[in-house]
1. Based on the alpha-carbon gyration tensor of the range 53-98 and its eigenvalue square roots a ≥ b ≥ c, which shape applies: rounded if a/c is under 1.5, prolate if not and a/b is larger than b/c, or oblate?
2. In square angstrom, rounded to the nearest 10, how much accessible surface does C294 have for a 1.4 Å probe?
3. How about the range 187-279: which GluC sites (Glu not before Pro) there lie in a loop by DSSP and see at most 13 other Cβ atoms within 10 Å?
4. DSSP loop GluC sites (Glu not before Pro) in the range 1-94 with at most 10 other Cβ atoms within 10 Å of their Cβ, which ones?
5. When a/c reaches 1.5 or more, the comparison of a/b and b/c decides; with that in mind, is the range 198-306 rounded, prolate or oblate per its Cα gyration tensor?
6. Please calculate the 1.4 Å probe accessible area of K116, with all protein chains present, and give it to the nearest 10 Å².
7. Output the pairs from K146/K319; K54/K146; K91/K319; K91/K321; K60/K116; K60/K91 with a Cα-Cα distance over 32 Å in this structure; if there are none, say none.
8. How many angstrom lie between the C-alpha centres of the range 37-79 and the range 277-295?
Amino acid sequence: MVEAGGGRRHRMTLESGEHTLTLYAYRTGPLRTVLYYLLTVLTLGIFRLLLHWKQKWDVKFRMVPCYFDTAEFIYIVDNHNVSELQPVQRKRHAPLPTENGEMRIVAELRWFVYRKLEYVWIDEDILTETTDSGIFPPEITEGEWKTSSEIADSIPCRLLLAESEQNHGLDFTEIAKRMEFYGRNEIVVQLRPILYLLCMEVITPFYVFQIFSVTVWYNDEYAYYASLIVALSLGSIIMDVVQIRTQEIRLRGMVHSTEEVEVIRDGKEMTIGSEQLVPGDILLIPPHGCLMQCDSVLMNGTVIVNESVLTGESVPITKVKSFENVATPRVLLLDKFEFFR
């Protein structure tokens, strides 16, 4: 759900799963930017450190409110009053899915990343443009932010059934466009550099206070006591950094799962890595079964699926093919951050 006004609006409410997000559009001001760097230099970085601790102050000081169609940053506040600032990324002449699942080239694609989900700006000009097949569902009338899975969710099942009956699959040009928009079918856990983790740990309020205290104690000739505090603080910082890095490595190992899958592309059966799957691919399930690396719609046949990890059901569930006579059917095609393992 989005408030009226589309791109010509500074504030927008967005329903995202179980959360209600309030979005605010901001851009940087030249005068404020110059003043920001000047104060940072004059205060030897203390002013920048305060804005780092209080992100709301950072937004108020450095940025000016604007409309979403010209925004450089999005300030996000969820229903638990947890805020986050994310930059708006732009790409010229990029592909965007249409209502029939095909990809078209738009003049500019804008998006931001929030909690591992990419929110794409669907402009009013694109939404109101008329073509033979239409661009997006007619109920959408104004510009808004949508995840790539929500965009793909508008594709009717009947179109996928028609593609399945042709038994041809996607051609390589279409695959390249979808790979550019959706990305690889994998969850990437980036390992942050050790130096970055150390800096983030040192500039927390507690350790900044410790640095100030140790400086005072050394000046007052409490050298032994100050040295002991320095040693304990360094040990604590190193332990925290090692623990964070260990957790990141463990998490990356848990979510990284790929295997070979059989698909139909350009009229031919081929074997590819599961990370190369894109929404709209026709998967061939082998007789001996396999581990599904994405959400999918069963187009033909019957399968037995073990969904206990997802639903807690104690026995496998039988799945049957989709029916063409379902009223206004929809299919959920998940983006690269929403594929399940």
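The values are calculated or read from the model by the stated rules, or taken from the named source; none is laboratory data. Predicted model, so just to flag it, every value in this text is computed and none were measured. Glycine also receives a Cβ, built like all others from the backbone with ideal geometry; neighbour counts cover every protein chain displayed. What goes into the accessible areas is simple: the full protein's heavy atoms, side chains included, and nothing from ligands, DNA or RNA. Shrake-Rupley method; radii C 1.70, N 1.55, O 1.52, S 1.80 Å.
1. Prolate is the answer for the range 53-98, as a/c is 1.5 or above and a/b outweighs b/c.
2. Its heavy atoms expose roughly 10 Å² to the probe.
3. E221, E259
4. Within the range 1-94, the qualifying GluC sites (Glu not before Pro) (loop, at most 10 other Cβ atoms within 10 Å) are E18.
5. Taking the square roots of the gyration eigenvalues as a ≥ b ≥ c, the range 198-306 is prolate.
6. The accessible area of K116 comes to roughly 120 Å².
7. In this structure, K91/K319; K91/K321 exceed 32 Å between Cα atoms.
8. So the separation of the two Cα centres works out to 45 Å.
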